[in-house]
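Throughout, read-outs are computed from the coordinates displayed, never taken from laboratory work. This one's a predicted model, so the numbers in the text were calculated from it and none came from an experiment. So basically every Cβ, Gly included, is an ideal-geometry build from the backbone, and we count neighbours across all protein chains shown.
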Amino acid sequence: MDLETRDRSPRPPHAPALQTLLAAILALAVLAPGALASKVADLTRLRGQGEFKLRGLGLVVGLPGTGDSGKEMVLARPLSKLLENEGNAPGRLEELAAAKSVAVVWVDVTIPEIGGRADDRFDVYISTAYSASSLRGGRLVLAPLRGPLPTSPVYAMASGAVELPDPTISTSGRIRAGAQLVRDVTSAPVGDTFDLLIHPYYSGWSSAEKIARAINNEATPQIALSSDASLRDTSRAASVLDDRTIRVVIPPEERTDKAAFISAVLSAPVRVAELDLPAQVIVNTRSNVIVITGDVEISPGLVTHRDLTINTTTPPPQATPQNPLTERTRFAEVRTKSRQSDNARLTDLMAAMKQLDVSVTDQIEILQMLHKTGRLHARLVID
């Protein structure tokens, strides 16, 4: 496998933090999911216990001339009136518009799977709704947050000083612990049956069947160990509905203490190494993290991306009078160990791209192209 580039212009150095992050990623390039999970709770979640999104509109005040213009302030009047009715008036919008010291913003809060209780606090993320150029130095006026449905009640109130996690992006910000719940956010109570949803990374018919078997071995050992095959087949606590869903029926004798039974189910050990999981390349585009599970291969092919040419032919082609090798200004040769397959390893490609100082963003785009053309022999998961 060869990597070459024809760009002679100097490349800007990457920040030390990014180099450290990329080195850590490559050091963990082959990461087995089995090493990270050993219980049913690590592989699944109860239906109805997903993340809960809250959203609202708010006003950020105190901006040093970087807020919305007067035209957008007309749209902010109804919001200002609402805040005034709640005893938190932001001031005269006409005066604030002239100084461009106010911005209308979207306010978002994510409640985790475990839910939340009244008075719990969570981080707030805000982004400009109109033409404000920066939220630096601003403060969010108390804003009500509702659930995803139009008829949802107010679940939380958000306010506080805005900080910019990424100084290069001044139109988005965060308020640490800026939202306070005013009502509980909980899942529906469990009945006599409940569904377990397998995380996408571990989904599959084979995986679902083995997880269900682990639940039955732990939750109903007397049934699992019975010599009566018909009893084992008809009295299973867990059964597979599809490649991501397992339905669990709480036995009648366990329904007086459902919490203990559910705890036993979620604590059931699972040998993840036996789940026959496909090789995966997991990409988080927000944090620029790439994780490779398994020995992922790449078919022979040629990909050209910006100033980079990637040749995944193994061994690399030899120069001929009809096809001479091009001049290489930056070159890294990838040597694969002797193996039966003619395909190259993805980990070798990632190491070579690190040697050539290819940005993580470019790496992600190259992985997407390889997957789109069928050259990447793995499931590509984009978060």
Notebook entry, point to check: What full-extension length gain, to one decimal in nm, is calculated for residue 117 and residue 382 as 0.36 nm per residue of separation minus the Cα-Cα distance?
Noted result: 92.2 nm
Checklist line | Two-site FRET efficiency, residue 372 against residue 279, from Cβ-Cβ distance with R₀ of 30 Å, rounded to 0.05 | finding: 0.95
Notebook entry, point to check: Given a Förster distance of 25 angstrom, what is the FRET efficiency for residue 152 paired with residue 69, based on the Cβ-Cβ distance and rounded to 0.05?
Noted result: 0.20
Notebook entry, point to check: Given the C-alpha centroids of region 156-189 and region 252-302, what is the distance between them in whole angstrom?
Noted result: 29
Item checked: Full-stretch length increase - residue 199, residue 127 - with 0.36 nm per residue and alpha-carbon distance subtracted -> 23.0 nm
